[in-house]
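Worksheet: one structure, shown below.
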Amino acid sequence: MTFDAPIARDRWHHRTFASLTNRNFRKFFIGQAISLSGTWMQSVALAWLVLQLTGSATWIGLAIAIQTLPVLLLAPYAGVMVDRFNKRRLLIGTQVVAGLQALALGLLTISSDVNMQWVIALSITLGLVNAIDNPCRQAFVREMVYAEHVQNAVSLNAVLVNIARAVGPAIGGILIATLGVGTCFIVNAASFVAVIIAYASMHRSELHSTGPVARAPGQLRAGLAYVRGNRELLIPLMMMAIVGTLTYEFQVVLPAFATDTFGSDARGFGWITAAMGVGAVIGGLITAGQTRVGIGYLALASAAFGLSVALTAICPNEVLAEGALLLVGASSIWFLSTGNATLQLAASPEMRGRVMALWTVAFIGTTPIGGPVIGWISENASPRWGLLAGGVAALIAALIGMQSIRRNRGGLLA
């Protein structure tokens, strides 16, 4: 099945930025632009901090795995909560707690009291927040915009994430090199104020809320059964589980790729990460102007993603690697946006929180499994092999999607 969202086919820029005509989504977009830049800054800072404390790529993987373990274990239950409660209020609460977590980590780092025990404890705290925040935020997009703008809003939100991926690490690398790693955490804590204001000031009468789902026994099982019986939901989730486990482990592999493979410092690491973000922005803007999603397009995006990651793994120098990472960023956002929009359009409103919770598990919750694996490969073989493992995983996911299309529809882009 292929979805054709009825976005007006007029000028490219009208199609690309259509959802920003909605003032609630504009507020969300501006708040997220500030907050997500801080979030990516913290991601760079955390990886660098763990590398300083331990000198081990495996520990970077373990730290990120610990941070995402609550998502793996609790996100399906959080999806039930998202369907039951007011999403806007829930999101305000998650942002407050996340801001306090970043503030605590920054103060500990600046005071030189930070150690791996504190890093682990605060990473678990953030993981508990993300288990609720991620599916809630994704499902909330559908409440801010009309149905015809869902795919556009999802794509623009993904573009925003990757603009932050470009801006945050670049600033983070400079701050680490000049003011110290703790400053990144403090700046991130401050950035949450913007998104809290955005949520609090929204025009509630203009939100397209489906209303909370009444509490009832067996709602988690009902959500799982719903996904299992719907191919348009099950196959993208399977593909994302594979790609999320082994391919989206860039936080683990890129620090080692920069330092061990090319001998870069913090600033070079920031530019390597930022190159992928710039590519994602370019790819996301192209994707935002498109109107077709579905398993076939997801399979094509996965294949492009896998090939570009494999190409990065064999680049002989840092400049060529940064060029290849532009392709990685573009294809990754194509894959992510296509999968997310496919689920948003295929899921019924009363199940959307639970469906997007499973997407969160597949995307982020698989990191406790894949992070240590890719970290171990990077440390004991080389970061190049860590990247190559991710590229192969994305190609396998593409084959699963293509096989599903051939078996059920007989056509690649069905």
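The values are calculated or read from the model by the stated rules, or taken from the named source; none is laboratory data. These figures come from a predicted structure and were not determined experimentally. Every residue, glycine among them, receives a Cβ derived from its backbone with ideal geometry; neighbour counts consider all protein chains shown.
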So is Arg204 of a type in the set (D, E, K, R), in contact (Cβ under 8 Å) with a residue 40 or more places away in the chain and surrounded by 21 or more Cβ atoms within 10 Å (Cβ to Cβ) or not?
-> no
Could you grab the pairs with beta carbons closer than 7 Å, sequence gap of 6+ or different chains, first residue in the stretch 71-97 and touching a residue at least 60 places away in the same chain (Cβ under 8 Å), second one small (Gly, Ala, Ser) and surrounded by fewer than 19 Cβ atoms within 10 Å (Cβ to Cβ)?
-> Ile92/Ala200
Of the residues that sit in the stretch 80-95 and are under 20 Å from the mean Cα position of the chain (by Cα) and of a type in the set (A, V, I, L, M), which one is surrounded by the fewest Cβ atoms within 10 Å (Cβ to Cβ)?
-> Ile92
Scanning the stretch 256-300 for residues that are at pLDDT 80 or above and out of contact with any Ser or Thr (no Cβ under 9 Å at 6 or more places or on another chain), the one nearest to Arg407 (Cα to Cα) turns out to be Ile282
Of the residues in the stretch 197-213, those that are in a helix (DSSP H, G or I) and modelled with pLDDT under 90 come to Arg204, Ser205, Glu206
Of Leu325, Leu307, Leu285, the only residue that is under 21 Å from Ala394 (Cα atoms), surrounded by fewer than 24 Cβ atoms within 10 Å (Cβ to Cβ) and not polar (S, T, N, Q) is Leu307
Is there a residue in the stretch 139-153 that is in a helix (DSSP H, G or I), modelled with pLDDT of 85 or more and of a type in the set (Lys, Arg)?
-> no
Criterion (outside any helix (DSSP H, G or I) and surrounded by fewer than 22 Cβ atoms within 10 Å (Cβ to Cβ)) met by exactly one of Ala194, Ala216 = Ala216
Flag if Val80 is closer than 22 Å to Tyr248 by Cα and among the hydrophobic types (A, V, I, L, M, F, W, C) | no
